[in-house]
Amino acid sequence: MLKEHRVQGELQLTKRIVITDWEIEVDYSKTKEYYSNHKIDDDCTCTSCMNYRFNCKQFSNELLEFFEGLGIDPSKEGEFMDFGVSKEGSVIYMGFYHLVGRILDGPDYVDDKWEELNLFKINEFEFGFSSLELRCVPDDFPDPVIQLEFKAILPWLLEVPRE
Ligand SMILES: [Zn+2]
């Protein structure tokens, strides 16, 4: 479901997307523009975040298409929090990205409800959306904001050990 309309001669692409229990409206153009202009140097450089970004280079096409469909560059801006190591020795990440848009239908709060939500799954990722409690939104991020929440179990790919 795609809606396109022109604003002042520029192509502004707004998408309506239905994912499990959510219906969201994404300003693809503004989101894409933000991620394109955002400098990765401004983001956290701890080894855990570096490992997450290293994993981004090996994401499947399906996963990359999902992020790209929302206008998000998965290596940028987001919060990638390290929640320890799984039984198999991979790192449990939870975190979020921001995108420009609105939740039209579905849950707008995830924090203590994660396990109860009808999450969207791709490979080793689970995704949900929220907008009620936004965290760490960059000052220059355009309104309105949706948070794309995720949990992922990813291998440690760096040569340096996990701290
Ligand atoms: Zn970090």
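Every number here is computed from the coordinates shown, using simple stated rules; none is lab data. Just so it is clear, the model here is predicted, and its values are computed rather than measured. Here the Cβ is made from the backbone with ideal geometry for all residues, glycine too, and neighbour counts use every protein chain on show.
A 22 angstrom limit on the alpha carbon distance is what I want to check against. Which of Lys32/Lys113; Lys76/Lys151; Lys39/Lys113; Lys30/Lys121; Lys57/Lys87; Lys15/Lys121 exceed it?
Lys32/Lys113; Lys39/Lys113; Lys30/Lys121; Lys57/Lys87
At q = 0.10, 0.26 Å⁻¹, what log₁₀ I(q)/I(0) does the stretch 78-163 have when each alpha carbon counts as one equal point scatterer in the Debye sum?
Each listed q corresponds, in turn, to -0.29, -1.32.
Taking every eigenvalue of the Cα gyration tensor of the chain, multiplying by 5 and rooting it, what semi-axes result, largest first, whole Å?
Each semi-axis is the square root of five times an eigenvalue, giving 27, 19, 14 Å.
Relative to the longest principal axis of the C-alpha atoms of the chain, give the angle of the C-alpha long axis of helix 61-70, reported between 0 and 90° and rounded to the nearest 10°.
40
Say we join alpha carbon atoms closer than 10 Å with springs in a Gaussian network model of the chain; which of Arg102, Arg135, Arg16 then has the biggest fluctuation?
Among Arg102, Arg135, Arg16, the largest GNM mean-square fluctuation belongs to Arg135.
Check Gly101: other-chain or 5+ apart residues with amide H under 5 Å from its amide H, H built from backbone geometry?
Amide H to amide H, under 5 Å and 5 or more residues apart or across chains, Gly101 pairs with Asp27, Val145, Ile146.
Let me test this: with uniform point scatterers at the alpha carbons of the stretch 43-82, what is the Debye-based log₁₀ I(q)/I(0) at q = 0.16 1/Å?
These q points yield log10 I(q)/I(0) values of -0.39.
Report the net charge of residues surrounding Pro155, where surrounding means a beta-carbon distance below 12 angstrom and charges are Lys +1, Arg +1, Asp -1, Glu -1.
So the surrounding residues net to -1.
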